[in-house]
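See structure below.
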Protein chains: 2
Amino acid sequence: MTAEQQVRKRDAAATKASLLDAAAELFAERGFDRTTVRDIAKRAGANQSLLFRYFGTKEALFEEVVARSGLEKLAATPPEQLLSTILRSMLDTDRKDHSLAVFLRSAEHDSAAGAIRRQLGEAYSQALTTLTDSPDAELRADLALAWLLGIGLLREIGGKEPLTNAATEDIVELVLAGTRTLLERGE
Amino acid sequence: MTAEQQVRKRDAAATKASLLDAAAELFAERGFDRTTVRDIAKRAGANQSLLFRYFGTKEALFEEVVARSGLEKLAATPPEQLLSTILRSMLDTDRKDHSLAVFLRSAEHDSAAGAIRRQLGEAYSQALTTLTDSPDAELRADLALAWLLGIGLLREIGGKEPLTNAATEDIVELVLAGTRTLLERGE
DNA sequence: TCCGTTTGTAAGCAACTGCTTACAACGCTA
DNA sequence: TAGCGTTGTAAGCAGTTGCTTACAAACGGA
């Protein structure tokens, strides 16, 4: 609608990328079901049939979004800072990583459930497992992970006060104290 | 499909009730968006137009389900047993109270977000607030509540192992230890 | 320059959605 | 028994959805 109406140059890679970006945003904002392929194409400034040419189905696009929004940050984080890193990234309101929001918003979608299991399950909680030497380390790690997810759920979707507007540092401090009990208390 | 095909006697109250029951089950299983009014009517053994006669819209039906699946249990629980009661009821696999599952499965639905804020927000976390005397009691209560929700999310929807198949008592013990740190540690 | 492939566009289709309407069967009251 | 409001049924409507098809425009190698 501006004067600078670009003619959209022939660039498949760029088109594909902007479809992925738009999809990541919209899935994070509205979840899988409430995001339509027309919405995605419109935000990406692309024709919706290209979406199917490049990704096949809406479901496949969703999985590419999930696969892309990923684990790089995790791999680069030393385990002992992992909890606070994940927590801070979840509390950061103007973040660019939509992966968690996609999970939460798409909780009713089976594919999202599978993704949550794979991504968070394998990588995140395996890393968390190294933080404790208890025999039930993995269970404790799952519980820690559940806490982080629950905070995101209550904040972003529930909009619960005072949690939503609490200072990041206050939350981090309280949660880390709790997880210290959970993880480091031996057996 | 059985021989005992009931003629469905004229009983508006019973019809309305079975629509509510069917809706509660389906919303809990699939979430709001993935549950169709035809599904609900079919499971209730009723004609779908009755659904609109009795409830007006699908959205209004959803809110009646949420309103009904409620807070009775909470009101009857002394605060000091509240955490373990909520936690146990969430871990109980063959429970009849669908309220939590409805919330989790319908997280992307605005009305569900509002409900989560109202129901859990007001009642649950107010009760939890009485468990600590810290100045930031409400924030701590929110965090405790978030933990319980996150466990439900990871268990039911994520299907995360070993959390999904862990013994209830083990989880209760670990979580209560963590929340003790969170809630009872004064300031 | 010619031609085949790649990229982008426009239109439409079949299925499904929430919701409405027109009507039949029942049961109560007069 | 006649009349009437209540309960249940069947069919359909308009909008939306994921996805497909038919075609035009741009590119690159010959």
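The values are calculated or read from the model by the stated rules, or taken from the named source; none is laboratory data. Computed from a prediction, not measured in an experiment: that's the story for all the values here. Positions of Cβ are backbone-derived with ideal geometry, glycine not excepted, and every protein chain shown enters the neighbour counts.
Contact map, the range A:98-113: residues that are assigned to a helix (DSSP H, G or I) paired with residues that are at pLDDT below 75 and polar (S, T, N, Q), Cβ distance under 6 Å, separation 6+ or inter-chain. Pairs shown: A:SER99/A:SER69. The residue pairs whose first member lies in the range A:42-56 and is modelled with pLDDT of 95 or more, whose second member is more than 8 Å from DNA strand C (Cβ to nearest atom) and small (Gly, Ala, Ser), and whose beta carbons are closer than 6 Å, counting only pairs six or more residues apart or on different chains, are A:ARG43/A:ALA22; A:ALA44/A:SER18; A:ALA44/A:ALA22; A:GLN48/A:ALA41; A:LEU51/A:ALA41. Restricting attention to the range A:32-57, the residues that are closer than 25 Å to B:HIS109 by Cβ, surrounded by fewer than 17 Cβ atoms within 10 Å (Cβ to Cβ) and within 7 Å of DNA strand D (Cβ to nearest atom) add up to 4. Residues that are more than 10 Å from chain A (Cβ to nearest Cβ) and at pLDDT 95 or above were ranked within the range B:26-37; the one that is farthest from DNA strand C (Cβ to nearest atom) is B:LEU26. Residue check: A:VAL172 meets all listed conditions (1) within 23 Å of A:VAL102 (Cα to Cα); (2) facing another protein chain (nearest Cβ under 9 Å); (3) part of a helix (DSSP H, G or I) but one, namely (2). For residues that are more than 7 Å from every other protein chain (Cβ to nearest Cβ), of a type outside the set (S, T, N, Q) and within 26 Å of B:SER106 (Cα to Cα), scanning just the range A:121-140, find the one that is nearest to the chain's Cα centre (by Cα). For the range A:121-140, the residue satisfying everything is A:TYR124.
With respect to the numbered conditions (1) more than 7 Å from chain A (Cβ to nearest Cβ); (2) at pLDDT 90 or above; (3) not in a loop (DSSP other than H, G, I, E, B), which one is the sole condition not fulfilled by B:ASN165? With respect to (1) more than 7 Å from chain A (Cβ to nearest Cβ); (2) at pLDDT 90 or above; (3) not in a loop (DSSP other than H, G, I, E, B), B:ASN165 is out only on (3). Does A:ALA177 satisfy the criteria of being surrounded by 19 or more Cβ atoms within 10 Å (Cβ to Cβ) and at the interface with chain B (Cβ under 7 Å from one of its Cβ atoms)? The answer is no for A:ALA177.
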